[in-house]
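The values are calculated or read from the model by the stated rules, or taken from the named source; none is laboratory data. All figures in this text were calculated on a predicted structure; none of them were measured in a lab. Virtual Cβ from ideal backbone geometry, glycine too; neighbours counted across all protein chains shown.
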Amino acid sequence: MIHLDNNATTRPCDAARAAAGHAADVLWGNPSSVHRAGQAARHAVELARAEMAALLGVTPRSIVFTSSGTESIDLAIRGSLAATGRGVIVTTRVEHASVRDLCEDLARRGAAEVRWAPLTPSGLVDLDALDAMLDPGVAIASIQWANNETGTIQPVAEIARRCRARGVRFHTDAVQAVGKIPLGLGGEEGPDLLSASAHKFHGLKGVGVLWLRPGVAVAPTLLGTQELGRRGGTENVPGILAAGAAAREAAEWLADPTRAAAQGTLRDRFERHVLGRLSWAVGNAPGAARLWNTSNLAFPRLEAEPILMMLSERGVFASAGAACSSGSLEPSPVLLALGIEPERAHGSIRFSLSRETTEREIDEAARLVVECVTRLRASTSGVVG
Ligand code: PLP
């Protein structure tokens, strides 16, 4: 099996699996209980929080554990609307559905006004247009760190600077970026809130992280005493411990920048191989800097679903658009927002590497991609090559 699907490629690392197992076997007390079993679980959760904080370069108390990236984003955005008493959200059309759908829903229900910041041709937020949207009515600007479909990296430091100058808090969905690139948080500069999801950095699924810059408050969306009153609900101790272990390993991996560079070389090798053999295929990388792990290739006039199924039969797992919407026949809203024609978006596949992807896997996957799409193209149009 060759995992090049964004959700599966980052399978839980050994340390994460061991930590989760230990939590289930031994540390199964409720961290809120005062007795020894509860306090042992509490201690382990706080160690995991410190490990997560170390990966981000922030203080442990500024970390809130949630149930997912989606919940962290929801808490950041809805929690900011309530905490600031302001009613406007500024965001983009290339956000993950967890931001986009939430904003659309809030706008539809009249709960917020949403301003969609335009993009440059290379898929980056138009900074001057963004500036013009930031006024005292804005509760929060939410702009992703890196795109989940194209890997495009937004100019987060500059966005943060502009938001700060206008007195607007800035949340970044960093679900794709955490553990893949150094984020350099912790100083005075940078975003005010950041969302992450443990399974994207080799933790388990079902654990999210919200970082809040000290002094930035959100109104809880789930009431309760846990997480310093910022998120109610008994903690997912196995998942949180796994997230801590995964964060520790991710920090070690990131400490040597040659590793990310080497994986980026593999991604480029994959693209060279596929695009070099299929003159009619194109890359969906609008030109800006992108994450080393993401490759989005378009096979015009083909549909993504049969390609994915044929690849799956041959042991290569990839995805179309956002993985959570695979199975839908709609082309990716992200690709459409980047100005890619629907016909090309329909035949676009996302391949995601992880830090464990090998050269052998990449070469084999590239060979199979070429084989599958060549066959499908011949069967749909009678054309070969
Ligand atoms: N944001 C981005 C950029 C993502 O890629 C994802 C998941 O794929 C999410 C948010 C949602 O995270 P979760 O699946 O943990 O809810």
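Values computed for the structure shown
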| read-out | value |
| --- | --- |
| Scan of the range 67-77 for residues that are near the ligand (Cβ under 9 Å from one of its atoms) and of a type in the set (A, V, I, L, M, F, W, C), ordered by number | Ile73 |
| Flag for Leu134 being under 30 Å from Phe351 (Cβ atoms) and not polar (S, T, N, Q) | no |
| Positions within the range 46-101 being hydroxyl-bearing (Ser, Thr, Tyr), in contact with a helix residue (DSSP H, G or I) (Cβ under 6 Å, 6 or more places away or on another chain) and within 29 Å of Asp128 (Cα to Cα), in sequence order | Thr70, Thr91, Ser98 |
| Filter result for the condition that a residue is surrounded by fewer than 15 Cβ atoms within 10 Å (Cβ to Cβ), among the charged types (D, E, K, R), modelled with pLDDT under 95 and on the phi < 0 side of the Ramachandran plot, over Glu330, Glu313, Glu252 | Glu330 |
| Enumeration of residues in the range 165-181 that are of a type in the set (Val, Ile, Thr) and more than 8 Å from the ligand (Cβ to nearest atom) | Val168, Thr172, Val178, Ile181 |
| Breaking point among (1) within 16 Å of the ligand (Cβ to nearest atom); (2) outside any loop (DSSP other than H, G, I, E, B); (3) at pLDDT below 95, for Gly321 | (2) |
| Matching residues, the range 168-203, being surrounded by fewer than 24 Cβ atoms within 10 Å (Cβ to Cβ) and within 14 Å of Ser354 (Cα to Cα) | Ile181 |
| Test for Val114: is it touching a strand residue (DSSP E or B) at 6+ places or on another chain (Cβ under 7 Å) and crowded, with 21+ Cβ neighbours inside 10 Å | no |
| Subset tally (residues that are farther than 11 Å from Arg344 by Cβ and surrounded by fewer than 21 Cβ atoms within 10 Å (Cβ to Cβ)) for the range 293-307 | 3 |
| Which listed residue, of Ala146, Ala132, is small (Gly, Ala, Ser) and either more than 16 Å from the ligand (Cβ to nearest atom) or surrounded by fewer than 23 Cβ atoms within 10 Å (Cβ to Cβ) (or both) | Ala132 |
| Condition broken by Arg161, with the remaining ones in (1) crowded, with 19+ Cβ neighbours inside 10 Å; (2) over 17 Å from Val64 (Cβ atoms); (3) of a type outside the set (Ser, Thr, Tyr) satisfied | (1) |
| Selection count, the range 260-282, where residues are assigned to a helix (DSSP H, G or I) and touching a strand residue (DSSP E or B) at 6+ places or on another chain (Cβ under 8 Å) | 5 |
| Leu106 vs. criteria in contact with a Gly (Cβ under 9 Å, 6 or more places away or on another chain), away from the ligand (no atom under 16 Å from the Cβ) and in a helix (DSSP H, G or I) | no |
| Answer from Ala261, Ala243, Ala196 - the residue that is away from the ligand (no atom under 14 Å from the Cβ) and either of a type in the set (A, V, I, L, M, F, W, C) or touching a Phe, Trp or Tyr at 6+ places or on another chain (Cβ under 6 Å) (or both) | Ala261 |
| Close pairs (6 angstrom Cβ cut-off, 6 or more residues apart or separate chains): of a type in the set (Phe, Trp, Tyr) in the range 251-262, in a helix (DSSP H, G or I) and surrounded by 10 or more Cβ atoms within 10 Å (Cβ to Cβ) anywhere | Trp253/Arg259 |
| Subset of the range 88-102 (residues that are in a strand (DSSP E or B) and among the hydroxyl-bearing types (Ser, Thr, Tyr)) | Thr91 |
| Any hit, the range 170-184, residues being at pLDDT 95 or above and more than 17 Å from the chain's Cα centre (by Cα) | no |
| Those residues of the range 263-291 which are among the polar types (S, T, N, Q) and touching a residue at least 60 places away in the same chain (Cβ under 8 Å), in sequence order | Gln263, Ser279, Asn284 |
| One residue from Val94, Val64, Val58 being within 19 Å of Val207 (Cα to Cα), surrounded by 16 or more Cβ atoms within 10 Å (Cβ to Cβ), touching a residue at least 12 places away in the same chain (Cβ under 8 Å) and within 16 Å of the ligand (Cβ to nearest atom) | Val64 |
| Verdict on Asp126 being away from the ligand (no atom under 16 Å from the Cβ), in contact with a helix residue (DSSP H, G or I) (Cβ under 9 Å, 6 or more places away or on another chain) and either under 19 Å from Leu336 (Cα atoms) or not polar (S, T, N, Q) (or both) | no |
